[in-house]
Amino acid sequence: MNTGILYGIGVGPGDPELLTVKAVRLIRTSDLIAIAHRDPEKCFAYRIARGAVPEIENKPVLCIDMPMTHDPKARERAYEAGAAALKQALLEGKRIAMPTLGDPTVYASFSYLAARVKRLGFAVEWVPGVPSFCASAAALGEPLVTDREMLHLIPGAEGAADALALPGTKVFMKGELNELLDALADSGTDAQAVENCGTDGQRLYRSASEIPRDAGYYLVTIVRGNET
């Protein structure tokens, strides 16, 4: 095993105060910050981390371009290029902290880089953070699930009508909002949502009728189960 180490650090959905003590410590003691963006100022995860650890600005930043695309070949090229860039720093024994929105184990680009870095023979540590759906439920002041209810995480709105029929609570992460709102209306199902959770632009929507069709990318929609 080589001496460098890569930390995937969950920074939560937006509020810097939600970073864990461990996340703050590892960012402070890292040699290098890696971000999944070409510009630190446009990287949401970096800005959240900076709110908790201002001295992050004094650390060098490795920018890894991770384009938002469904093209598998383009994504594969980005992951391979990112892993190669990380390899060079890890060969120098660098401790690399990579701030990741929410939790690195939930729909995070970090997971694709981590797998490749691990195959190269370097240590990888995953540092959990507060997931956006947990923070959103807390912002709404309600539990996600109780007793023995199921919890379903749904990455997008494709097949929303079928997803709404699942038992328990459904959490829709991002995706095509119009399809979801149409499915809610057609089924007569209500929902709540949080937009930009934990930021100055946070918006709470207490019913499906309040959710604007032009809501932003960082929207979490929660549909509670109807079990009795």
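The values are calculated or read from the model by the stated rules, or taken from the named source; none is laboratory data. In this text, all values refer to a predicted model and were calculated from it rather than measured experimentally. Counting neighbours? That spans all protein chains shown, and the Cβs are built from the backbone with ideal geometry, glycine included. Side chains included, ligands, DNA and RNA excluded: accessible areas come from the protein's heavy atoms. Shrake-Rupley method; radii C 1.70, N 1.55, O 1.52, S 1.80 Å.
Go through the residues of segment 114-126 one by one and say whether even a single one is more than 24 Å from Thr69 (Cβ to Cβ), open to solvent by less than 10 Å² (accessible area, probe 1.4 Å) and more than 11 Å from the chain's Cα centre (by Cα). Checked against the condition, which is being more than 24 Å from Thr69 (Cβ to Cβ), open to solvent by less than 10 Å² (accessible area, probe 1.4 Å) and more than 11 Å from the chain's Cα centre (by Cα), segment 114-126 yields at least one hit.
Screening segment 152-209 for residues that are out of contact with any helix residue (DSSP H, G or I) (no Cβ under 8 Å at 6 or more places or on another chain) and of a type in the set (Val, Ile, Thr) and picking the one that is nearest to Thr105 (Cα to Cα) gives Thr169. Please find, among Gly141, Gly129, Gly168, the residue that is within 30 Å of Gly51 (Cα to Cα) and either open to solvent by less than 30 Å² (accessible area, probe 1.4 Å) or in contact with a Pro (Cβ under 9 Å, 6 or more places away or on another chain) (or both). Within the list Gly141, Gly129, Gly168, the selection yields Gly129. Among the residues examined, Asp31 does not qualify as under 26 Å from Gly201 (Cα atoms), open to solvent by 40 Å² or more (accessible area, probe 1.4 Å) and at pLDDT 95 or above. Being closer than 24 Å to Gly12 by Cβ and surrounded by fewer than 19 Cβ atoms within 10 Å (Cβ to Cβ) is the filter here, so list the residues in segment 80-97 that pass it. Matches in segment 80-97: Arg95 only. Where helices (runs of 4 or more DSSP H) fall wholly inside segment 99-203, the ranges with 3 or more residues that are basic (Lys, Arg) are 110-119. Within the set Leu90, Leu62, the sole residue that is touching a Gly at 6+ places or on another chain (Cβ under 6 Å) and under 17 Å from Tyr7 (Cβ atoms) turns out to be Leu90. Going through (1) closer than 24 Å to Lys174 by Cβ; (2) out of contact with any Gly (no Cβ under 9 Å at 6 or more places or on another chain); (3) crowded, with 16+ Cβ neighbours inside 10 Å one by one, Ala36 falls short only on (2). For first residues located in segment 38-61 and under 19 Å from Asn196 (Cα atoms), partners that are β-branched (Val, Ile, Thr) and in a loop (DSSP other than H, G, I, E, B) and lie 6+ apart or on another chain with Cβ distances below 8 Å form the pairs Ala45/Val11; Ile48/Val11; Ala49/Val11; Ala52/Val11. Looking at Thr100, Thr189, just one residue is among the polar types (S, T, N, Q), open to solvent by less than 30 Å² (accessible area, probe 1.4 Å) and touching a residue at least 12 places away in the same chain (Cβ under 8 Å), and that residue is Thr100. If you go through segment 147-161 and pick out every residue that is touching a strand residue (DSSP E or B) at 6+ places or on another chain (Cβ under 9 Å) and open to solvent by 30 Å² or more (accessible area, probe 1.4 Å), you end up with 6.
Scanning segment 174-228 for residues that are of a type in the set (Val, Ile, Thr) and within 19 Å of the chain's Cα centre (by Cα), we see that the one that is farthest from Leu151 (Cα to Cα) is Thr199.
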